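Please treat every number below as a calculation from the coordinates, not as lab data. Note that the coordinates shown come from a computational prediction; the quantities given were computed from them, not determined experimentally. Heads up, the Cβs are rebuilt from the backbone with ideal geometry, glycines too, and the neighbour counts pull from every protein chain shown.
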Amino acid sequence: MTELANKENKITAAQPIRATTYFWTYHVMKALFKVFKLTLRTHGNQAAWDTGHIFLFNHFARFETFIPQYLIYDRTRLLSRSIASKELFADNMLGRYLKDLGGIPNNADNLMYLVAKDILNNHKLVAFPEGGIVKDRRSIDNAGRYRVYSRSHGERRKHHSGPAVIALAVAIFKSAVREISKDDQHDTLSLWSAELGFKDKQALIDVSEKPTLIIPCNITFYPLRISGNALTRGVQFFFKNVQKRLSEELLIEGNFLLKDTDMDIQIGTPIIVENYWTKFDSALSSVFTTHADLTLNDIFLQTQSSKSWNNLLFRLSYQRNVLKIRDVYMREIYVKLTINIAHIAATIIMQFVNQGKKKVEKQTLHRLIYLVIKALQGHSTLNFHRTLQNPAIYRNLLTTYSQSFDQFLRSAYRANLLSCDESHYIFTDQITLEHDFDSIRYKNPMAVYANEVSPIKAVKEAVITSINATHNEKSAAFASLLIDDEMREYEWDKALFQDQRYQEINQLQRIDEDAAKPFILTPRKPNGECVVLIHGLLSTPAEMYGLAIKLQQLGYMAIGCRLKGHGTSPWDLKQRTWQDWRQSVLQNINIARHYGDKVHLIGFSTGSLLSLLLASEKALNIRSVSACSTPIKLKDRWLPFTKLANGINFLSRPFLSTGGLFAFNESSPEHPNINYHHVPIASVNQLLILIRQTKKQLHQLACPVLLMHADNDPIVDPCSLSVLLRLIKQPLRQHQWVASSRHGILLENSDNCQQSIIDFIKNH
């Protein structure tokens, strides 16, 4: 069999992959990622790196060519081949390096045989089925078919089917091995296993029992910057009249490397190739694969040469399934895009432009982007950039400055796609201009973003629906989106601190899962008033739940606010500031406004400080504030050393995995199921700052105030109440002493204090 193969079919052995070249390339790339601050993230089924055989990627930038092989080696320590254009394999340093790294030219003799042999021997195969860099990101033509622009042909063409051809050939060969093993054709199996490099025929049979897996993957870069960088400036300085193509690639790809860029790689659903080869197809192929004179090379060339395979039905069946597989993996590649705010903004703007509009109100565009984000979050199969997963980032579109959106605007302004006045974004004529393949990335990045996301129909549908719908930002429906953000923010914050380095302290916490989450309680018969309840330091919204139920039963909308850093991990709280806590309360006040103009605040301990602070801001027009156990003065004897300890922690943090020399202090909370057992020193320092800030603003309080304090509070000095009475000038103030030697009087309803708060709110 082998002799016949060598006589009738010239088989040129592929150059062996050099492990040493792989090793040093991997470590150089790893170092470059750190130097260039290119953040590489992989998402999806990580086991696919081990189980997959053929890995397929989209292609947008030149340097990403090496990324797949880097990732495969990083995750598995296995070597891989990569099929590339024959032009790259000239007899020079680059060509020799690529061959050492496992590259194989797309015109290699008996390419199918060589690659299939590698796959069967557990070498991974990497390919870019778009067949080249797709700079315009346009993958769908006007007829809705998958097509990409080919520079060499000067027109749009189909994606390459080579990976499908290879995968199906391997699958059919495996089927042949299984059939032959059943028929006890041991001589054939022995010859095949020897030729393919297996130790014996059983090893070949074992490999053939496993399915052939194609792993489609998507690479998404964000953001796409078009500003000059050190690389472009350096080349332009030394070389005049730089070629347009080179200049564009240095501009775009230099920004990827030299400026903070995220490179998200989504691992798609594995494609089991054997599922595309039916029993009927197998019957057609078995006649030939079991033929005594058939060589291995014949088997792997079955669709490429009519001399080897003369059966028309088989070839037609083979080609039909190849095209099916190609369409499946191309769709999977494109829908695995990591969606970011630029994709959504660009799609909205292009929709307006297509409608003939010349401008859009700034607030309208911001609201539409937010609404589209929220609509898309309902699609569990979509992938979002981290900036669209964290409400603390994208929610800023509605109120303040959004850094991620501003990045998109800067590129649009620089490319002269947008201009603006005080209240509008104005679309320029540049948006609709056609640009050549080698200039579109910097002349119209908006079109690139819109093209990239166009294969995902849900995005366009959400954009059209949001534009055509009537939205009332003061409605309960809009409030439900903001409430959903509160829940998502909790889950996001919690996930950030699940790494192993946080577990030693995390595992010592005993907070109930439900206790940690923010909540909203809707009454059956709303009275048009809303109460925001704010818990204390180290605690959770559950601290306020009992009182919230009573308020709900009386017709009040009750919102349990979660302060940033709470209910997740002490490590999370360690990095939060009092401004973060203030923002948490402000967000919940904003939610409350959707249910009525009358908003009351109830705060306990640190929450009472925050309620007093925000109630003193007249623009918020708070109806009343109930402040319970307000910590103006604390009893902790170590408190004077907090600032010093916090400073020591700041200096020692880079050298200690614990986050500082005195990062945490253990505690024994009164209510261990809702409170942290470790107190971050940094958060105590933030509390002291908050106390000072609140005291400065108390004279501005204009709403009715109820002050409540335990007469024998073990944590907060009862003299705090006297200080508050002296600083608050509001005549409509009340105070009440609660007979208790506990701090958590509100949760425990000591001395029926909850009813006192309810009566106070009802009267105001």
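Once amide H atoms are built 1.01 Å from N in the peptide plane, which residues 5 or more positions from S626, or in another chain, come under 5 Å H to H?
L601, I602, G603, L706
Over all Cα pairs of the chain, how is the pair count split among 20 Å bins, expressed in % and running from 0 up to the last occupied bin?
Spelled out bin by bin, the chain gives 14, 36, 30, 16, 4, 0 percent.
Which percent, nearest 5, of DSSP beta bridges in the chain are antiparallel?
35 percent
Restricting things to alpha carbons, find the Rg to Rh ratio for the range 500-762 using the Kirkwood radius for Rh.
Result for the range 500-762 is an Rg/Rh of 0.96.
Pairs of alpha-carbon atoms within less than 8 angstrom and 6+ residues apart define the contacts here; what relative contact order does the chain have, in percent?
About 10 percent, as a whole number.
Compute the acute angle (0 to 90°) between the alpha-carbon long axis of helix 578-593 and the principal axis of greatest extent of the alpha-carbon atoms of the chain; round to the nearest 10°.
That helix lies at roughly 90 degrees to the long axis.
As an exercise, use a Förster radius of 41 Å and the Cβ-Cβ distance of R386 and N354 to find the FRET efficiency, rounded to the nearest 0.05.
With R0 = 41 Å, the Cβ-Cβ based efficiency is 0.85.
Please state, to two decimals, what the Cα-based radius of gyration of the range 338-468 comes to when divided by 2.2 N^0.38 Å (N = residues).
0.99
So for the range 98-238, averaging the separation of alpha carbon pairs under 8 Å that are six or more residues apart and normalising by length, what relative contact order in percent results?
It comes to 16 percent, rounded to a whole number.
For K598, give me every one of the lysines with a C-alpha distance below 28 angstrom, ignoring sequence neighbours fewer than eight places off in its own chain.
Correct list for K598: K374, K474, K517, K525, K550, K564, K618, K695, K696, K729, K762.
When the chain is fully extended, how far beyond the present Cα-Cα distance does D260 get from K199, taking 0.36 nm per residue of separation?
Full extension of this stretch gives 17.1 nm more.
What angle, in degrees between 0 and 90 and rounded to the nearest 10, separates the Cα long axis of helix 753-762 from the longest principal axis of the Cα atoms of the chain?
90 degrees
Kindly identify the range 443-533 as rounded, prolate or oblate by the Cα gyration tensor criterion: order the square roots of the eigenvalues as a ≥ b ≥ c, call it rounded if a/c is under 1.5, otherwise compare a/b with b/c, prolate if a/b is larger, else oblate.
oblate
Using only Cα atoms, tell me the angle between helix 19-36 and the longest principal axis of the chain; keep it within 0 to 90° and round to the nearest 10.
30 degrees
Would you compute, from DSSP H runs of 4+ residues alone, the mean residue ellipticity of the chain at 222 nm, taking -39500 (n - 2.57) per run and dividing by the full residue count, rounded to the nearest 500?
Using -39500 (n - 2.57) per qualifying helix, the result is -14000 deg cm²/dmol.
Compute the relative contact order of the range 496-625 as a whole-number percentage, counting only Cα pairs closer than 8 Å that sit 6 or more residues apart in sequence.
Reported as a whole number, the value is 28 percent.
Determine the sum of side-chain charges near Q736: Lys and Arg each +1, Asp and Glu each -1, restricted to other residues whose C-beta is under 15 angstrom from that of Q736.
Overall, the nearby charge balance is -3.
Which of I520, P669, Q500 sits closest to the plus end of the dipole of the range 500-762, meaning its Cα is farthest towards the positive end, when Lys and Arg get +1 and Asp and Glu get -1 on the C-beta?
Towards the positive end, the residue furthest out is I520.
Between N752 and V35, what FRET efficiency comes out of the Förster formula 1/(1 + (r/R0)^6) with R0 = 51 Å and r the beta carbon distance, rounded to 0.05?
0.20
Is the shape of the range 699-764 rounded, prolate or oblate, going by the alpha carbon gyration tensor and its root eigenvalues a ≥ b ≥ c, with a/c under 1.5 for rounded and a/b larger than b/c for prolate?
oblate
Expressed in nm to one decimal, what extension gain is obtained for the pair N92 and Q503 from 0.36 nm per residue of sequence separation less their Cα-Cα distance?
142.8 nm
So how far apart, in nm, are the two label points at D206 and D429 if each is 7 Å from Cα heading toward Cβ?
Distance between label points: 7.1 nm.
What nm value, rounded to one decimal, do you get for the distance between T51 and D484 when each label is placed 7 Å out toward the C-beta?
3.1 nm
Quick one: grab Rg to one decimal and Dmax as a whole number for the range 487-552, Cα atoms only, in Å.
For the range 487-552, the Cα-based Rg and Dmax read 15.0, 48 Å.
Sequence neighbours fewer than 8 away in the same chain don't count; with that in mind, list the lysines whose C-alpha is under 16 Å from K37.
Here the lysines satisfying the reach criterion relative to K37 are K259.
Which length gain, in nm to one decimal place, applies between D327 and N142 when the Cα-Cα distance is subtracted from 0.36 nm times their residue separation?
64.9 nm
Tell me, what is the FRET efficiency for S150 and D436 to the nearest 0.05, using R0 = 22 angstrom and their Cβ-Cβ distance as r?
0.95
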